[in-house]
Ligand code: FES
Ligand SMILES: [Fe+2]
């Protein structure tokens, strides 16, 4: 049996139900390649458009290793720039807020909202100094409804291509992205497992009955009940609410966008936006935002937030255990169930394609 996992090529192994090599979840060289081949070229969720309502509103994020600032300029358009000062490399903007101009904290060079260099103190006497060459480097910004995404490249392929059929699936499943406008809770924290462990976990509800007791009590987690919409790198699934008359809320929806963005939703009241970034091979940072419809009460919101935090906490606990197991390398490749964990096969195949692995 062991030979099947070592002699078979990676993608052929996947077709036979052998998962990615365990060591790839704990290897800094693999992570370096993932940053370069997967994270750096991909569209990254940057924030909700409500944070960018007025000219001068800005927010900062990263795409791969590239710091990015998104601003609403004076003509009302969103613009994204590489958030790196053209003087000596300090990040120009921090956090989010509203400014008339963007001023770097290091030596106070100031940039207009269109990225052009407005002022560089004491540069008047500098021979050959041309401010017009020293604007911020452009990046890309685009929206899926109120969700703002950035790409580190100025000539990035369209966001719509990266989304595949997710917008259509969301519409079909009754998720109206504009309905959830009240930001009720945020979290920013790290967990001790590889980012792929979370992707793998999000592909299946096979783990729901043993891991998520509370969730499985509220939703029908049997194979026949869970509906799945596979894209090529993205996917969506929905889990029906049991006994609609007795239990609060609506069906539970999950949307995954390659490589590191998830929407969890109850279309009648909220969506829970989640971005997760690798920090180290065994450490992943989660940034989460919980948006509700304005008509929900704070009590209701707190109950739903707690319900989700409980379920996600259970996933994290499983993930930390998986990471210890994978890191040992003693089970070279896991054997997953092609019939039950089809999306795992799909997403790991997409991973191999992006990484140039055959
Ligand atoms: S690095 Fe920005 S002003 Fe010097
Ligand atoms: Fe889970």
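Per the Kirkwood formula applied to alpha carbons, segment 155-292 shows a radius of gyration over Rh ratio, Rg over Rh, of 0.96.
Of all the options 347, 279, 71, the one that moves most in a Gaussian network model of the chain with Cα springs shorter than 10 angstrom is 279. Figure legend: label point modelled 7 angstrom from the Cα of residue 106 along Cα→Cβ; residues of segment 59-77 with amide N under 17 Å from it are 66-69. The GNM of the chain, with springs linking C-alpha atoms under 10 angstrom apart, assigns the highest mean-square fluctuation among 52, 312, 343 to 312. Considering only 281, 41, 127, the Gaussian network model of the chain with Cα springs below 10 Å gives its largest mean-square fluctuation to 127. When the alpha carbon gyration tensor of segment 112-230 is reduced to an equivalent ellipsoid, its three semi-axes come out at 46, 19, 15 angstrom, largest first.
Note on residue 99/residue 8: beta-carbon distance plugged into 1/(1 + (r/R0)^6) with R0 of 51 Å gives a FRET efficiency of 0.35. In segment 315-358, one over the average inverse separation of all distinct C-alpha pairs is 12.1 Å, which is the Kirkwood hydrodynamic radius. Counting neighbouring Cβ atoms within 10 Å and putting the fewest first, the residues 212, 96 line up as 96, 212.
The Cα center of segment 198-261 and the Cα center of segment 42-93 differ in position by 33 Å.
The alpha-carbon atoms of segment 205-272, seen along their principal axes, cover 36, 26, 19 angstrom, with the largest extent given first. Listed from fewest to most Cβ neighbours within 10 Å, the set 188, 315 follows the order 188, 315. For segment 267-355, the orientation-averaged shadow of the C-alpha convex hull comes to 8.1 nm² (one quarter of the hull surface).
Between residue 340 and residue 283, the simple label model (points 7 Å from Cα in the Cβ direction) yields a spacing of 3.4 nm. Entry note: segment 1-155 has Rg to Rh equal to 1.17, where both radii use alpha-carbon atoms and Rh is the Kirkwood radius. For the pair residue 357 and residue 125, a Förster radius of 41 Å applied to the C-beta separation gives a FRET efficiency near 0.15, rounded to the nearest 0.05. Once the gyration tensor of the Cα atoms in the chain is diagonalised, the equivalent ellipsoid follows with semi-axes of 38, 27, 17 Å, ordered largest first.
Spin-label model, residue 35 to residue 227: label points 7 Å out along the Cα-to-beta-carbon direction sit 4.1 nm apart. Helix 342-355 and the longest principal axis of the C-alpha atoms of the chain enclose an angle of approximately 40°.
Ordering 266, 192 by the number of other Cβ atoms within 10 Å of each residue's own Cβ, fewest first, gives 192, 266. With both labels modelled 7 Å from their Cα along Cα-to-Cβ, the residue 332 to residue 189 distance reads 3.8 nm. Helix 298-328 and the longest principal axis of the Cα set of the chain meet at an angle near 80°.
Any read-out appearing in this document is the output of simple, stated calculations on the displayed coordinates, not a laboratory observation. Not measured: the values here are computed from a predicted model. For neighbour counting, all protein chains shown are included, and Cβ atoms are generated from backbone atoms with ideal geometry for every residue, glycine included.
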